[in-house]
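The values are calculated or read from the model by the stated rules, or taken from the named source; none is laboratory data. As the structure is a computational prediction, the values presented were derived from the model and not from experiment. We place every Cβ from the backbone using ideal geometry, glycine too, and count neighbours over all the protein chains shown. Heavy atoms of the whole protein, side chains included, go into the accessibility calculation; ligands, DNA and RNA do not. Shrake-Rupley method; radii C 1.70, N 1.55, O 1.52, S 1.80 Å.
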Amino acid sequence: MSDYVYEKPPLVEVILEIHWALKPLGSAPNAAIDPYYDLFRESFLEAVSVELPVVEQLVPSEIPVEFVSDQPHLRLRPKKSGWPLIQIGPGVMTVNIVPPYAGWAEFRSFVSWALDALLSAYPMAEKTFKPKRGHLRYIDVFDARFGFDSFKPFVETHFGAVQPVRQQVVDEISAEPERITFSVDSNFSVKSPANATFRFRIAPGIRDGQEAVVMEFHCDGEMSNGFLPKEELESWFDEAHATLNIAFDKTVSDALKARFGKAKEIS
């Protein structure tokens, strides 16, 4: 399926994550360490310092690192409040971007650079770096600019989501049936990437002080738990993107897509 970018997309953020194996600590339940994190952190910061000079500390230094593994500790930006950005922590790297978003190809180029930095900075990567999970997530928000007025008719019409409460219950006890909201959270395995799952979420939200609908598409999958070269890591995320691209296209109604403006194909 070809990649494309709309003139006025509902996209608010794309989040890519790669998680790698940690070493459990028998002395403390639910605690684990990345034995190479300190060396990796210093090498990584040096490798990206020119492009991402702004460093934000996300986890207070007084918190023992073994209790906050597998979550970002540092956020690296090109400038204050700049995007795209990278976050790193023991066992995890995330790459995040917000609009203006010129499509997967541009974001993938930044991801490729980030993966190069990760693999070159991680000590003895071919022996020690063991990716175990990939994650790709798209977050879209629909407000009045996309014709949103009332939650239930909007998500039923444009996303095929149906309220989980029987209508006779609503008719009998609801004081404001026109203001019903609900959440959708659906999961199932996918054909591609292998050993991956798709997650679809819809929930009421707020944007710029106004009611809106938040929609998320996730792809999560297990990796080999052994070293993978950059090309195989990129391939996993390419497949995840293709799956989420199809899911978005088949979920959103044509009438709603018409509000996004023209779709420009990206080569």
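Is it true that VAL48 is β-branched (Val, Ile, Thr) and under 21 Å from PHE129 (Cα atoms)? Judged against the criteria, VAL48 is a match.
Here is the figure for segment 153-165: residues that are open to solvent by 80 Å² or more (accessible area, probe 1.4 Å) and modelled with pLDDT of 95 or more total 1. For residues in segment 168-188 being among the polar types (S, T, N, Q) and open to solvent by 90 Å² or more (accessible area, probe 1.4 Å), which is modelled with the lowest pLDDT? Within segment 168-188, the match that is modelled with the lowest pLDDT is GLN168. Within segment 220-240, the set of residues being assigned to a helix (DSSP H, G or I), under 18 Å from ALA21 (Cα atoms) and among the hydrophobic types (A, V, I, L, M, F, W, C) comprises LEU233, TRP236.
At negative phi, in a strand (DSSP E or B) and not hydrophobic (A, V, I, L, M, F, W, C): does that describe GLU216? Spelling it out, GLU216 is indeed at negative phi, in a strand (DSSP E or B) and not hydrophobic (A, V, I, L, M, F, W, C). When each of VAL50, VAL95 is tested for being β-branched (Val, Ile, Thr), out of contact with any strand residue (DSSP E or B) (no Cβ under 9 Å at 6 or more places or on another chain) and under 15 Å from ALA117 (Cα atoms), the lone residue that passes is VAL50. Kindly indicate which of LEU11, LEU25 is touching a strand residue (DSSP E or B) at 6+ places or on another chain (Cβ under 7 Å) and modelled with pLDDT under 95. Selected residue: LEU25, the only one of LEU11, LEU25 that is touching a strand residue (DSSP E or B) at 6+ places or on another chain (Cβ under 7 Å) and modelled with pLDDT under 95.
Candidates LEU119, LEU115: the one that is hydrophobic (A, V, I, L, M, F, W, C), in contact with a helix residue (DSSP H, G or I) (Cβ under 6 Å, 6 or more places away or on another chain) and buried (at least 19 other Cβ atoms within 10 Å of the Cβ) is LEU115.
Summed over segment 130-144, residues that are surrounded by fewer than 20 Cβ atoms within 10 Å (Cβ to Cβ) and over 16 Å from the mean Cα position of the chain (by Cα) total 4. Contact map, segment 224-250: first residue over 30 Å from GLY160 (Cβ atoms), second residue aromatic (Phe, Trp, Tyr) and surrounded by 16 or more Cβ atoms within 10 Å (Cβ to Cβ), Cβ cut-off under 6 Å, separation 6 or more or different chains; pairs are PHE227/PHE129.
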